[in-house]
Structure formats: structure tokens, C-alpha cells
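The values are calculated or read from the model by the stated rules, or taken from the named source; none is laboratory data. Everything numeric here is computed off the predicted structure, so don't read it as measured data. Cβ coordinates were reconstructed from backbone atoms using ideal geometry, including for glycine residues, and neighbour counts include every protein chain displayed.
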Amino acid sequence: MRKGFFVSGPVEPVCDDKFLLPVSLDLWWKMGMQNHTRSPRSLQAHFEEFPDPRIGPAKRHELLDILMIAVCAMLCGAEGFTEIAQCGRCKAEWFKRWLALPHGIPSHDTFNRVFGLIDAAKFRDCFLAWTQSLRHVVAGELVALDGKTLRRSRARGHGPIHLVLGQLKVDDKSNEITALPTLLRALELAGCVVTVDAMGCQKTVAREIHEADADYVLALKANQGTLHAEVQAFLDDAHARRFADVAHQFTETVEKDHGRIETRRYWVSEQIAWLADKPQWEALRSVGLVEAVREVAGVLTTQRRYYLSSLPAQVERFAAAVRGHWEIENCVHWVLDVQMGEDRCTVRQHNAAQNLAALRALCLNQLRRDQQVKLGIRGKQKAAGWDHQYLASLLNF
């Protein structure tokens, strides 16, 4: 998902400007490169076209009612189906103004059952279509792909659910490798810069990104064996010699926060003719080194990371891409786990966990992009719960 999906700018992405695409394992990215000149439709209009998976007497409550109550409840801070149903009951008079509700507010069991039946891919696509209809983007924006596990979705017979880009569930983290190319082909990435963590640093991923007319910045770690060792040896040797005789660009940033001082240094070079595997990596143009030096209570720690990129040796673009990817952990994972209760959620029936994760992503997108209320995510959720006019504006009514 600035992905998860976020939307960040082409040079200096800012956490609050992101779109979080409804993805989990959390692959977060920025999506779609066309400017949308048409007027965006409301989420309700998108949901009206959504196929109902139920048949016969099971359709006692309108699907549109169930979906819209769930979205509104989560925008107001609900974390699970019991709280979604309670929010529906508390706001029943308001919902009756614009929803059918032929049999009143559904129970929490109904929400659980319906979300378990809904096709996760179709649910994701519906959210994605609405998200794209709201976005106006520019070439060069960052698409950051990362992974996150739904930790408490563990059930008898299987471990916790791993969801990859666009809510694609895989059996384990190793299957992210095969899922990524398939999902990348479904995205409009032309002109984007795609960043991927070490698990996705694969030749097939690089090829898919290049064929989508996008650029990539791939984190390189020991999972690439010889390639990682060669790049590390080259960049560490150049660093030791202060990059003498190695054409490169360099920049440095210093951040001070909560008693911590962190200095980040970035080097990027196109001098990679020596790299034996270069022809196997589609459009590979540069390698990068990031050195992070952190000082906390007088104690210094140093960490180095290595990258492959199709970008030219333009260090500001490289640094912005790396910083943007790091912000997923700080700005999204923490918000989902701590403020939106993802790590506390024990939902696990059928597709319910995947669909609830998509719902969180959607709501986080809307809360982040809102500029009316100058508060954090929890503050905006409270405001949505107190003010029906504000809640309606988040739905693009």
C-alpha cells in the first residue's frame, strides 16, 4: 500500500497524501495513472452494481444496506462485526433516510456471514474502481508494495492469513513471489516508480514493472545470494574509498524526533557494467546504497541497505522512493494495527478477514485524504461518529 495504496508525489511523498489500496499482506501502492475528468460517483453508486453472493431467503437484508453500514461504521471507528452492528443500531434513524432497511439493521452474525461469502477479488475491484474515480495523479508518483499478515486470523488447520496486493490471499509468504506478477498486470502503472521489499526482488517482478512502462526500486537482500553479495561488495568498497573513481550522486538527510537523531545517506550509481546478472534484470540501470545512522541516548547504530533500480542515477528520486517505502511501516502498518485494530481482529470465517482488511484500507484512504477535519485518524473517526454531515462527505455524497 504511500501500500499500500497511498498516493505520494513524484519527488517527496508525504504520508497524509497517500492512497492505501485495498490490499493486504498489505501490499500498499499508488494506483492508476490516468487523470479522471469525469465527476466521481459515490461509493453507494459503485456498491449498487456489486453482485450479491446470496440466494433465496438468505437475502432478507439488502446487500447495499449491509455494505454501506459497514463502511460508515468503520469510518466511525468500529473494529469488528459486533461494533459494526452496534453502530448501525445507534444510527438507525440516519440510515433510514437513505437506505432501504426492509427488516431494520442486520445483526452482527449477518454481517459476518455476508462478508464471508463475498468474493474477495470482486470486493477489491469495486473499491479500486471507486478509489481511482476520486484520484487525480501525475506521472512519477510512487507505488509502494509491501506485505502484512493478519496476525489473529489464525484458525484450526491453518496459520494466519497472508494477503497480497489487491486482497489476493496466498498460502504462505513464499507465494507472494508468484502472486506479484499476476497482480502487477492488473494495474495501470505507466509513469509510476514502483518500490518493492526484498521478498519481491525478483526478475519476473522487474520485467512486469518495465512492461507496464514503469520504473522500479527493489530492495536487495540475502535472498538473492550471489547478486546481493556482489552488489554489497561493490558498494561497500566504493564507500570505503569515498566513491573515488565511481561515478555517482549523493545526498544526506538528518531527522531529529523524540530524542532520536537519524542520519540517512544515499548513494546511487549507474556504473554497473561489471554486474554479471545485469542482462537478466529487465531495464536495470543503477544500484543504490542507503546508510542509516541512528543515535538514541548516545548509542549509535548503523544499518546499510542495497537496491536495484531502473531509474537513472538521480539521487533525489532514489531517496524519495526509499523514504516513501519506509513510511508504509510507520504510517500505515501502525495505524491499521493500533488505531484501527487490525492485529486485534479475530475474524476468520471464509473470506471475511480479507474483505474486512479491504474495508479498513478503503476507510483509511478516505480518512487520510480528507482535508476538512485537521485531526489524526482516530480524531477523524470520532468526528465522523458525531457529525453525520462529515460522515456523508467521506462517502462522497
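General remarks:
- Test: residue in the range 41-61 that is assigned to a loop (DSSP other than H, G, I, E, B) and modelled with pLDDT of 95 or more: yes
- Residue match in the range 111-122 (condition: surrounded by fewer than 17 Cβ atoms within 10 Å (Cβ to Cβ), closer than 30 Å to Glu316 by Cβ and at pLDDT below 90): no
- Odd one out for Ser174 among (1) at pLDDT 95 or above; (2) closer than 25 Å to Ala358 by Cβ; (3) of a type outside the set (Lys, Arg): (1)
- Enumeration of residues in the range 333-347 that are at pLDDT below 60 and in contact with a strand residue (DSSP E or B) (Cβ under 8 Å, 6 or more places away or on another chain): His333
Condition check ((1) within 22 Å of Tyr266 (Cα to Cα); (2) of a type in the set (S, T, N, Q); (3) outside any helix (DSSP H, G or I); (4) at pLDDT 90 or above) across all residues:
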| residue | (1), (2), (3), (4) |
| --- | --- |
| Leu183 | no, no, no, no |
| Glu188 | no, no, yes, no |
| Thr195 | yes, yes, yes, no |
| Ile209 | no, no, no, yes |
| Val217 | yes, no, yes, yes |
| His228 | yes, no, no, yes |
| Ala247 | yes, no, yes, yes |
| Thr253 | yes, yes, yes, yes |
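- Only residues that are under 15 Å from Ala198 (Cα atoms) and either under 12 Å from the mean Cα position of the chain (by Cα) or at pLDDT 95 or above (or both) were counted across the range 306-325, and they come to 5.
- Test: residue in the range 188-197 that is within 20 Å of the chain's Cα centre (by Cα) and surrounded by fewer than 16 Cβ atoms within 10 Å (Cβ to Cβ): yes
- In the range 355-397, the residues that are among the small types (Gly, Ala, Ser) and more than 18 Å from the chain's Cα centre (by Cα): Gly376, Gly379, Ala383, Ala384, Gly385, Ala392, Ser393
- Of all residues making up the range 211-229, the number that are surrounded by fewer than 18 Cβ atoms within 10 Å (Cβ to Cβ) and either among the hydroxyl-bearing types (Ser, Thr, Tyr) or on the phi < 0 side of the Ramachandran plot (or both): 7
- Within the range 285-301, the set of residues being of a type in the set (Val, Ile, Thr) and closer than 14 Å to Leu235 by Cβ comprises Val287, Val290.
- Flag if Asp236 is among the charged types (D, E, K, R) and within 19 Å of Arg304 (Cα to Cα): yes
- Per the conditions (1) buried (at least 21 other Cβ atoms within 10 Å of the Cβ); (2) in a helix (DSSP H, G or I), the sole criterion not satisfied by Leu308 is (2).
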